[in-house]
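Student: Take a look at the following structure, please.
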Amino acid sequence: MGFFNKNKGVMIPPNATFRITQAGEEELQKFNMDDNQAILVALQTNGTCTVDEIARHSGLNKGTVEKRIPPLVGKTFIQYISRGSSSSGDEELG
């Protein structure tokens, strides 16, 4: 009978995966999120991310993300987790 059964509602198969469509992207644009909100949503949705990952997930360019991160940290909306890989491994930031 397929994925959608009108008599029984939506039946989602085990291990189903989903992605946003163009229509979904357009619907998101109606929310008029500012850059800071886009960064917060990207982090909330994807967890800990690098600047490049935040840019990719938020639809912002890397320069915008780099510009917006310090004020978000200053307002304690986000926090630095590590400086990234080094010869001794990740270094925690206070």
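The values are calculated or read from the model by the stated rules, or taken from the named source; none is laboratory data. The shown structure was predicted, so the numbers you read here are calculated from the model rather than taken from an experiment. Reconstructed Cβ throughout: ideal geometry from the backbone, glycine too, with neighbour counts over all protein chains shown.
Student: Restricting attention to the stretch 15-73, which residues are surrounded by 12 or more Cβ atoms within 10 Å (Cβ to Cβ), modelled with pLDDT under 90 and out of contact with any helix residue (DSSP H, G or I) (no Cβ under 8 Å at 6 or more places or on another chain)?
Tutor: 28
Student: Which of the residues spanning the stretch 51-76 are closer than 19 Å to residue 32 by Cβ and outside any helix (DSSP H, G or I)? Show your work before the answer.
Tutor: Step one: filter the stretch 51-76 for residues closer than 19 Å to residue 32 by Cβ, giving 57-61, 64-65, 68, 72.
Residues satisfying the conditions are 59, 60, 61.
Student: Using the structure shown, decide if residue 45 is part of a loop (DSSP other than H, G, I, E, B) and either in contact (Cβ under 8 Å) with a residue 24 or more places away in the chain or of a type in the set (Ser, Thr, Tyr) (or both). I'd like the intermediate steps shown before the answer.
Tutor: On the way: part of a loop (DSSP other than H, G, I, E, B): no; either in contact (Cβ under 8 Å) with a residue 24 or more places away in the chain or of a type in the set (Ser, Thr, Tyr) (or both): yes.
In short, no.
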